[in-house]
Amino acid sequence: MSKETNVPFDVLSNPEFLREGFAVEDFMKPSRVIIGSSSHRATEVMKEIYYPLTTNGTPILLMDEKSSELTKYAANAFLATKITFMNEVANYCELVGADVDK
């Protein structure tokens, strides 16, 4: 793409971690901000953009683009694993007559 334009640009990855039904709250109070870029300039711009949302100590994690994308995939996979595990625990509780909520 850079061969087709004279306009300088940077590419970065900034995955979101928004829960269904809590998107605005999660955006305004993120648990973490991930910025994946090999461009110092782009990273600094993103840090400025996120500054108002991270003054409460929210960590800004800096990494390359590929690591940023993989972090998102890993977080999604971990969440899916937790949900699946608890569903199986609930199934087992039902099978043996235990109360999963206790």
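The values are calculated or read from the model by the stated rules, or taken from the named source; none is laboratory data. Fair warning: this is a prediction, and the values are worked out from it, not measured in the lab. Here the Cβ is made from the backbone with ideal geometry for all residues, glycine too, and neighbour counts use every protein chain on show.
Given the condition within 30 Å of Asp10 (Cβ to Cβ), surrounded by fewer than 12 Cβ atoms within 10 Å (Cβ to Cβ), at pLDDT 95 or above and of a type in the set (A, V, I, L, M), answer yes or no: does some residue in region 65-75 qualify? Yes: region 65-75 contains one or more residues that are within 30 Å of Asp10 (Cβ to Cβ), surrounded by fewer than 12 Cβ atoms within 10 Å (Cβ to Cβ), at pLDDT 95 or above and of a type in the set (A, V, I, L, M). If you go through region 80-102 and keep only what is assigned to a helix (DSSP H, G or I) and either in contact with a strand residue (DSSP E or B) (Cβ under 7 Å, 6 or more places away or on another chain) or acidic (Asp, Glu) (or both), you end up with Glu88, Glu94. Is it the case, given these coordinates, that Phe27 is in a loop (DSSP other than H, G, I, E, B) and either surrounded by 11 or more Cβ atoms within 10 Å (Cβ to Cβ) or modelled with pLDDT under 95 (or both)? Here the answer is no, as Phe27 does not meet what is asked. Exactly one residue among Ala42, Ala77 is under 16 Å from the mean Cα position of the chain (by Cα) and hydrophobic (A, V, I, L, M, F, W, C), and that residue is Ala77.
Could you say whether any residue in region 2-19 is more than 20 Å from Leu61 (Cβ to Cβ), among the charged types (D, E, K, R) and more than 15 Å from the chain's Cα centre (by Cα)? The answer is yes, given that some residue of region 2-19 is more than 20 Å from Leu61 (Cβ to Cβ), among the charged types (D, E, K, R) and more than 15 Å from the chain's Cα centre (by Cα). Quick one: in region 12-22, of everything that is out of contact with any helix residue (DSSP H, G or I) (no Cβ under 7 Å at 6 or more places or on another chain), over 14 Å from Tyr50 (Cβ atoms) and not aromatic (Phe, Trp, Tyr), which residue is surrounded by the fewest Cβ atoms within 10 Å (Cβ to Cβ)? By that ranking, first place goes to Glu20.
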